[in-house]
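Accompanying notes for the structure given below.
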Amino acid sequence: MWLQRELTLKPQRRGFHLITDEVIALLPELRLMNVGLLHVFIQHTSASLTINENADPTVRCDMERHFNVLAPEGAPYFKHTYEGPDDMPAHIKSTLIGASQTIPITAGRLNLGTWQGLYLCEHRDSASSRTIVVTIQGE
Amino acid sequence: MWLQRELTLKPQRRGFHLITDEVIALLPELRLMNVGLLHVFIQHTSASLTINENADPTVRCDMERHFNVLAPEGAPYFKHTYEGPDDMPAHIKSTLIGASQTIPITAGRLNLGTWQGLYLCEHRDSASSRTIVVTIQGE
Amino acid sequence: MWLQRELTLKPQRRGFHLITDEVIALLPELRLMNVGLLHVFIQHTSASLTINENADPTVRCDMERHFNVLAPEGAPYFKHTYEGPDDMPAHIKSTLIGASQTIPITAGRLNLGTWQGLYLCEHRDSASSRTIVVTIQGE
């Protein structure tokens with residue numbers, strides 16, 4: 001059984017944001033699957049998806065601060081600057097973190113670890129909504 | 001045909017560790033698949049999975065040393081510090097490297113390149129065992 | 001329906017290269033699929049695959065320059081040096097960026113965002129051709 005759906009995530013400020021519940025709420029069919037995989041793909045190159053700690057908000061803040069060190073604005077060798085100083089770092093973060101995640105489905109739910117959540121990583125200062133394509137396959 | 005199994009990997013010291021043989025040994029059904037995909041997912045946020053060089057142990061040592069530079073302990077802006085200085089860097093490494101890998105299955109075996117192996121990347125100083133969820137689909 | 005094929009990508013100079021059209025041209029069966037997933041896997045540990053901006057070539061140049069900062073040649077702690085100064089940085093970039101990408105298939109085409117393209121990231125100075133394994137599943 002295949003299920004594929006495009007979802008629009010509401011605009012978020014620059015940073016790392018938990019979206020596990022928002023994504024699951026839009027996929028009631030998950031409950032019907034005994035075994036399978038969920039693939040979530042973001043159709044953008046200045047935002048990304050990761051899986052990380054779901055409890056302490058300071059993890060998401062530290063993540064944002066550290067990725068700003070790993071991909072700082074204003075590096076003297078950047079040539080792709082006409083969309084603003086946050087744009088090229090956003091592309092780099094997108095490649096470092098990735099455009100998709102694949103998560104096992106087990107007994108009707110995402111089989112994440114106790115402390116795992118799905119993050120939308122918003123790398124632009126002023127982002128609009130983001131589109132993700134969710135593909136579920138299972139039985 | 002779907003197959004899904006949770007495996008417990010024995011505790012490893014901080015660093016990068018080849019686990020290809022350990023994972024394959026637990027999945028005898030692989031041999032029956034002509035074409036498919038294996039998805040391996042780690043249910044933790046302070047360890048990760050990657051694919052890299054499977055021959056020279058110095059690669060894994062250099063990897064550990066370099067990721068300690070990319071995500072150093074004690075960054076002055078870290079606020080998530082109550083689980084120890086190795087914890088927030090572990091979360092960052094987990095997002096840089098990733099919680100899962102997907103590998104093609106061809107003619108009954110993982111279709112890795114000659115020099116590729118699956119690594120468990122253990123980012124904590126004192127880790128216990130790690131759980132991975134392996135999902136295989138194929139025919 | 002499963003389809004799996006090994007493709008040989010022509011040698012590229014060190015850097016980031018758009019290969020979306022080259023990959024799609026080799027997979028005419030894509031058009032027959034209504035819904036599915038494409039998995040592309042590179043069988044090497046000194047090159048990688050990512051998805052990023054498909055329009056402005058300066059993005060790919062800036063990416064190359066920045067990854068050379070993130071994984072520089074000649075770090076004093078590198079021990080894996082006998083294959084040349086570009087080799088260990090190549091392994092690190094491979095783990096930072098990843099060996100595979102999974103992309104949704106929708107209505108007979110890759111469901112990438114408007115500005116997304118698939119990149120071959122070549123991390124060696126003198127690389128030969130690279131082999132990728134493409135696995136498509138869908139209906």
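What number of residues within the range A:67-77 are in a loop (DSSP other than H, G, I, E, B) and either open to solvent by less than 10 Å² (accessible area, probe 1.4 Å) or out of contact with any helix residue (DSSP H, G or I) (no Cβ under 6 Å at 6 or more places or on another chain) (or both)? Walk me through it before giving the result.
Filtering the range A:67-77 down to residues in a loop (DSSP other than H, G, I, E, B) leaves A:71-77.
Subsequent filtering for residues that are either open to solvent by less than 10 Å² (accessible area, probe 1.4 Å) or out of contact with any helix residue (DSSP H, G or I) (no Cβ under 6 Å at 6 or more places or on another chain) (or both) retains A:71-72, A:74-76.
Selection size over the range A:67-77: 5.
Considering each of B:124, B:130 in turn, give the residue that is more than 9 Å from every other protein chain (Cβ to nearest Cβ), farther than 21 Å from residue B:38 by Cβ and of a type in the set (Lys, Arg).
So the residue among B:124, B:130 that is more than 9 Å from every other protein chain (Cβ to nearest Cβ), farther than 21 Å from residue B:38 by Cβ and of a type in the set (Lys, Arg) is B:124.
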Within the range C:32-55, take every residue that is surrounded by fewer than 16 Cβ atoms within 10 Å (Cβ to Cβ) and modelled with pLDDT of 95 or more and give me the one that is nearest to residue B:67 (Cα to Cα). C:55
Taking the range A:78-115 and keeping only residues that are in contact (Cβ under 8 Å) with a residue 60 or more places away in the chain and open to solvent by 10 Å² or more (accessible area, probe 1.4 Å), one is left with A:86, A:100, A:101, A:102, A:106, A:107, A:108, A:109, A:110, A:112, A:115
Looking only at the range A:1-27, and only at residues there that are in a loop (DSSP other than H, G, I, E, B) and open to solvent by 30 Å² or more (accessible area, probe 1.4 Å), the one that is nearest to the other protein chains (Cβ to nearest Cβ): A:1
If you check residue B:64 against the conditions, is it outside any loop (DSSP other than H, G, I, E, B), modelled with pLDDT of 95 or more and more than 8 Å from every other protein chain (Cβ to nearest Cβ)? yes
Restricting the search to the range C:28-61, which residues are under 12 Å from the mean Cα position of the chain (by Cα) and either assigned to a strand (DSSP E or B) or away from chain B (no Cβ under 14 Å) (or both)? C:39, C:40, C:41, C:42, C:47, C:48, C:49, C:50, C:51, C:52
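The values are calculated or read from the model by the stated rules, or taken from the named source; none is laboratory data. All values derive from a computational prediction rather than experimental measurement. Ideal geometry is used to build each Cβ from the backbone, glycine not excepted, and the neighbour counts take in all protein chains shown. SASA here: full protein model, heavy atoms, side chains in, ligands and nucleic acids out. Shrake-Rupley method; radii C 1.70, N 1.55, O 1.52, S 1.80 Å.
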